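Structure record follows, encoded as structure tokens.
The values are calculated or read from the model by the stated rules, or taken from the named source; none is laboratory data. Keep in mind that what you see is a predicted model, and the values were worked out from it rather than measured. No Cβ is skipped: glycine too gets one built from the backbone with ideal geometry, and neighbour counts run over all protein chains shown.
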Amino acid sequence: MTILIGIVFQFGDFYNEGNSWFIVLLNTIIGAGIGSGVTVWALYKKFNQDKWNEEERRIQFQKQKVKYFQSLIRSILKDLKLQIDYYKNFADKLRENPVDLPLLHQVSLNELEQIVHKLNQEDYYHSYLREFGNSQEMVDEFRKIISVLNYFDGNIAMYKSSLQKSFDFNYERKVKLKDLVEKSMDDTAGFLINNEVLEKQQDFWNFLNQTMIDFHEKKTKQSDLKFYHDNFVEVVKKGLIDFYKRIPQAHYLIVQMKNATFIYSDIQFQNITVADDFDQLHVDMKEFYGKLETLSKRLLDYNNG
């Protein structure tokens, strides 16, 4: 622009005032040049401002993603602590009564599922590095957090499936035991009206009769399979020792009682195994819970914007 004005003044040395049209033309050109310069400068400033605004929005968006990731981890830690305690309670309660599988309290770990299965982990990985530093330490830290979350997600799903199979097995065995005990009780009632037993095996008849009377006196609406086992199966099995070698009906019943005892013991054994598994799950998950707490400390302390 300075050069253009210099040229104008140089031309002014050769033209007198009568050449006003030329001066007007030059003024127009100069004005247009100045106007164009102002416009270009304004556009340049706007471009830089837009670029800065876009970068600021990108930075804020990354921070918000880290804050969201932080909130998910905080919620996961809270829910996992409850779930891990529930595993221990489940195992303890099962040991108190190994015949009945109690219901397992299950926490809805939606945030864990969100991170493992739904979030774009790569996006959050880059946001994590942007906020905490693009170093190998931060790379390893983020990946270890995801690895521990995958461990929890996989183990919880595996044990949920395994527990369902245990419930199915427990139900099948209990139905089989119930049917066997009910048939044995029907057979016992049949022997009580058997004339041959009544006339020739009075001691045997008296034992069966008293056993049935005692059982029904103790029975309530809340009586479960454990009650049937303790107050019928075990009582009959022990009482028949004096009769089974010489009385066919006694031999038949004691075989039934042994079969019932085998099923009952199998139910207990399988359920104790389930309790052992959940005790070990509790121990393992507490260990990994501690790892997640340690790995997440930087993230949980994050408070940038």
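For region 158-188, enumerate the residues that are among the hydrophobic types (A, V, I, L, M, F, W, C), under 30 Å from GLN121 (Cβ atoms) and surrounded by 13 or more Cβ atoms within 10 Å (Cβ to Cβ).
Scanning region 158-188 gives a single hit, LEU163.
Conditions: (1) in contact with a helix residue (DSSP H, G or I) (Cβ under 8 Å, 6 or more places away or on another chain); (2) part of a helix (DSSP H, G or I); (3) exposed (fewer than 13 other Cβ atoms within 10 Å of the Cβ). LYS245 meets all but one. Number of the miss?
Tallying (1) in contact with a helix residue (DSSP H, G or I) (Cβ under 8 Å, 6 or more places away or on another chain); (2) part of a helix (DSSP H, G or I); (3) exposed (fewer than 13 other Cβ atoms within 10 Å of the Cβ), LYS245 fails exactly one: (2).
What is the one condition in (1) under 24 Å from LEU103 (Cβ atoms); (2) among the hydroxyl-bearing types (Ser, Thr, Tyr); (3) over 41 Å from the mean Cα position of the chain (by Cα) that SER162 does not satisfy?
For SER162, the failing item is (3).
Looking at (1) more than 30 Å from GLN62 (Cα to Cα); (2) part of a helix (DSSP H, G or I), which is the one condition that is false for SER223?
Here SER223 meets the rest and fails (2).
Taking region 222-245, which residues are within 24 Å of ARG95 (Cα to Cα) and without any contact (Cβ under 8 Å) to a residue 12 or more places away in the chain?
GLN222, SER223, PHE227, ASP230
In this structure, does GLN164 turn out to be more than 21 Å from GLN270 (Cβ to Cβ) and either assigned to a helix (DSSP H, G or I) or modelled with pLDDT of 95 or more (or both)?
No: the conditions fail for GLN164.
Name the pairs whose Cβ atoms lie under 8 Å apart, with the first residue in region 198-211 and under 17 Å from HIS251 (Cβ atoms), the second among the polar types (S, T, N, Q) and surrounded by 12 or more Cβ atoms within 10 Å (Cβ to Cβ), and 6 or more positions between them or separate chains?
Qualifying pairs under 8 Å: GLN201/GLN249; PHE204/GLN249; LEU208/THR188; THR211/THR188.
Quick one: how many residues across region 272-292 are under 18 Å from LEU103 (Cα atoms) and touching a helix residue (DSSP H, G or I) at 6+ places or on another chain (Cβ under 6 Å)?
6
So which residues in region 67-115 are in a helix (DSSP H, G or I), acidic (Asp, Glu) and surrounded by fewer than 19 Cβ atoms within 10 Å (Cβ to Cβ)?
Hits for region 67-115 are ASP79, ASP85, ASP92, GLU96, GLU113.
Quick one: what pairs do we get from region 170-182, first residue free of Cβ contacts under 8 Å to residues at least 40 places away in the same chain, second among the hydroxyl-bearing types (Ser, Thr, Tyr), C-beta under 9 Å, 6+ apart or different chains?
GLU182/TYR228
Please indicate, with yes or no, whether at least one residue in region 141-153 is assigned to a helix (DSSP H, G or I) and either exposed (fewer than 11 other Cβ atoms within 10 Å of the Cβ) or out of contact with any helix residue (DSSP H, G or I) (no Cβ under 7 Å at 6 or more places or on another chain) (or both).
yes
Could you give every pair whose Cβ atoms fall below 8 Å, whose first residue belongs to region 254-265 and is at pLDDT 95 or above and charged (D, E, K, R), and whose second residue is surrounded by fewer than 20 Cβ atoms within 10 Å (Cβ to Cβ) and in a helix (DSSP H, G or I), counting only separations of at least 6 or pairs across chains?
Matching pairs, first to second residue: LYS258/LYS237.
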